[in-house]
Amino acid sequence: MITLKLNGQEQQLDVTEDMPLLWAIRDVAGYTGTKFGCGMGLCGACTVHLDGVAIRSCVTPIGTVAGKDVSTIDKLDQDPVGKLVQAAWLDTGVAQCGYCQGGQVMSATALLKSNPNPTDQQIEEAMIGNICRCGTYNRIKTAIRQAATQLKEAQ
Ligand code: FES
Ligand code: FES
């Protein structure tokens, strides 16, 4: 049994310690917003926040996050920065097929929470591990810049 805080609520999950966090999130806890892409830490589709930092849940054994705070795209609208990022994504019309977008939004939100006013280079560095087969990269950057501007205005 592993205990962790998942999307703001303490959860006890009946899983083995080596189960990938992604499996536990989707198949045991039932939060299916986080997607499986490569399963090898290479695409970013499975990105979640661990204590506020973007990580790849497909290569993270759940035993290593016991007692920690994990959040997923499913409840990101409850986070003020996450809500703003999602609104900027919609305004900019970023998504095409959408499969990678949950991971993209999670990485963008983690970036803006740690650095509310990133340079273009910092945006590129933060997002480099999130692959989009539909090629939405330019709109992703536009949405992140828009969210950063709105964050500044809100302060
Ligand atoms: S599914 Fe985790 S990085 Fe691709
Ligand atoms: S929107 Fe289709 S893979 Fe990114």
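The values are calculated or read from the model by the stated rules, or taken from the named source; none is laboratory data. Since the model is a prediction, treat every value here as computed from it, not as a measurement. Cβ atoms come from the backbone with ideal geometry, glycine included; neighbour counts cover every protein chain shown. The protein model used for the area step is the full one, side chains on, heavy atoms only, and it has no ligands, DNA or RNA in it. Shrake-Rupley method; radii C 1.70, N 1.55, O 1.52, S 1.80 Å.
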task: Note down the magnitude of the dipole of the stretch 83-140 about its Cα centre, charges +1 on Lys and Arg C-beta and -1 on Asp and Glu C-beta and zero elsewhere, to the nearest 20 debye.
output: 200
statement: Out of A143, I62, P20 - ranked by how far each Cα lies towards the positive end of the dipole of the chain, with unit charges on the beta-carbon of charged residues - the top one is A143
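In nm, what is the difference between 0.36 nm times the number of residues separating D91 and V59 and their Cα-Cα distance? Present the calculation step by step, with values, prior to reporting the outcome.
On the way: separation 32, 0.36 × 32 = 11.52 nm, distance 3.23 nm.
Net length gain for the segment: 8.3 nm.
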message: What's the magnitude of the charge dipole for the stretch 25-80 around its Cα centre, counting Lys and Arg as +1 and Asp and Glu as -1 at the beta-carbon? Answer in Debye, nearest 20.
response: 200
statement: Over the chain, the sum of -39500 (n - 2.57) across DSSP H runs of at least four, divided by residue number and rounded to 500 deg cm²/dmol, gives at 222 nm -11000 deg cm²/dmol
field: Helix axis angle, 101-114 relative to the chain longest principal axis, alpha carbon, degrees
entry: 80
- prompt: Any idea how far apart A154 and D77 come out in nm if each label point goes 7 Å out from Cα toward Cβ?
  reply: 1.5
Long-range tail of P(r) for the chain (Cα pairs > 22 Å, %): 37
- prompt: By how many degrees, between 0 and 90 and to the nearest 10, does the Cα long axis of helix 137-154 differ from the longest principal axis of the chain?
  reply: 80
message: Given the whole protein assembly as supplied and a 1.4 Å probe, what does the accessible area of R145 come to in Å², nearest 10?
response: 100
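In terms of solvent-accessible area of protein heavy atoms at a 1.4 angstrom probe, what is the ranking of V53, V48, highest value first?
Sorted by accessible area, descending: V53, V48.
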field: Protection proxy ranking of 74-80, 29-35 - average other beta-carbon atoms within 10 Å, highest first
entry: 29-35, 74-80
- line: With a 1.4 angstrom probe the carbon and sulfur portion of accessible area for the chain, in percent, totals 50
- prompt: Dipole of the chain, Cα-centred, from +1 at each Lys and Arg C-beta and -1 at each Asp and Glu C-beta, to the nearest 20 debye?
  reply: 400
task: Please work out how many pairs of lysine residues in the chain are eight or more positions apart (or on different chains) and have Cα atoms closer than 26 angstrom.
output: 22
query: How do L50, L22 rank by accessible surface area computed with a 1.4 Å probe, from largest to smallest?
result: L50, L22
Heavy-atom accessible area per residue - the stretch 90-144, 1.4 Å, Å²: 52
message: Given a 1.4 Å probe and heavy atoms of the protein chains only, how would you sort W89, W23, largest accessible area at the top?
response: W23, W89
Inter-label distance for Q11 and R133, nm, one decimal - labels placed 7 Å from Cα along Cα-to-Cβ: 2.6
statement: Along the stretch 16-25, Karplus-curve 3J(HN,Hα) (6.51, -1.76, 1.60; θ = phi - 60°) to the nearest Hz, with x for Gly and Pro, reads 7, 4, 8, 5, x, 3, 4, 4, 4, 4
- request: Give the Cα extents of the stretch 50-99 along the principal axes, in whole Å, largest first.
  value: 38, 25, 15
- request: Relative to the longest principal axis of the C-alpha atoms of the chain, give the angle of the C-alpha long axis of helix 80-92, reported between 0 and 90° and rounded to the nearest 10°.
  value: 50
- request: State, as an integer percentage, the relative contact order of the chain based on alpha-carbon contacts under 8 Å between residues 6 or more apart.
  value: 23
